[in-house]
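S.K.: Before we start, here is the structure in question, set down as structure tokens.
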Amino acid sequence: MRESQERREPTSAVEHLEDLALVMASGQTGVVLLLELLPPWPLQMHWLDHQVRVLAPAATRRAAGESVLAVFLSEAGVAEGWQLKEELRERAIAQHITLFAGLACWPGQGSTPMDVVAAAAAALVDEQSAYRDSLGEEVRLELDGLLLALGVAGEFLSG
């Protein structure tokens with residue numbers, strides 16, 4: 001059996017991120033993007049992976065769970081990472097897909113590759129929080145004893 005066929009492929013999100021960290025640790029500088037789709041449908045993840053492949057063919061891509069794609073743009077700066085993020089967001093909006101992104105620079109935002117991935121994850125969480133905050137007030141409904149909390153846009157409440 002050939003050596004390439006004997007290698008075991010990563011099987012979990014952690015292993016995929018560790019694989020990405022190895023690429024980063026190879027001495028390259030660059031930008032890490034964590035991209036999350038909602039809802040996390042497999043076809044949407046395939047679509048996102050394809051979009052990254054088209055827009056940044058040299059990027060290293062790794063799945064990091066059902067709904068997260070980790071991308072490393074080697075030898076890229078914040079401007080290139082931001083440009084990719086915005087282009088992906090525009091394409092997602094055109095497809096009625098919600099896309100969140102967290103961006104961090106390697107090695108600037110951490111002393112290890114996993115520190116930089118964690119910084120990108122923190123940026124992703126911040127973006128998700130900002131999105132939830134933009135939904136407006138929370139409306140609570142009680143139906144048959146079940147309390148539901150719904151985020152409703154402020155315009156809807158005031159209109």
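S.K.: Please list, in chain and number order, the residues 5+ apart from GLY110 or on another chain whose amide H is under 5 Å from its amide H, with Hs placed from the backbone.
M.R.: none
S.K.: Under 5 Å between amide hydrogens, which residues at least 5 positions from GLY65 or on another chain qualify, with H placed 1.01 Å from N in the peptide plane?
M.R.: Distant-sequence amide H within range of GLY65: ALA13.
S.K.: Leaving ligands and nucleic acids out of the surface, order GLU80, GLU86 by accessible area at 1.4 Å, largest first.
M.R.: GLU80, GLU86
The values are calculated or read from the model by the stated rules, or taken from the named source; none is laboratory data. The structure displayed is predicted, hence computed values, not measured ones. For accessibility, only protein heavy atoms count, side chains too; no ligands or nucleic acids. Shrake-Rupley method; radii C 1.70, N 1.55, O 1.52, S 1.80 Å.
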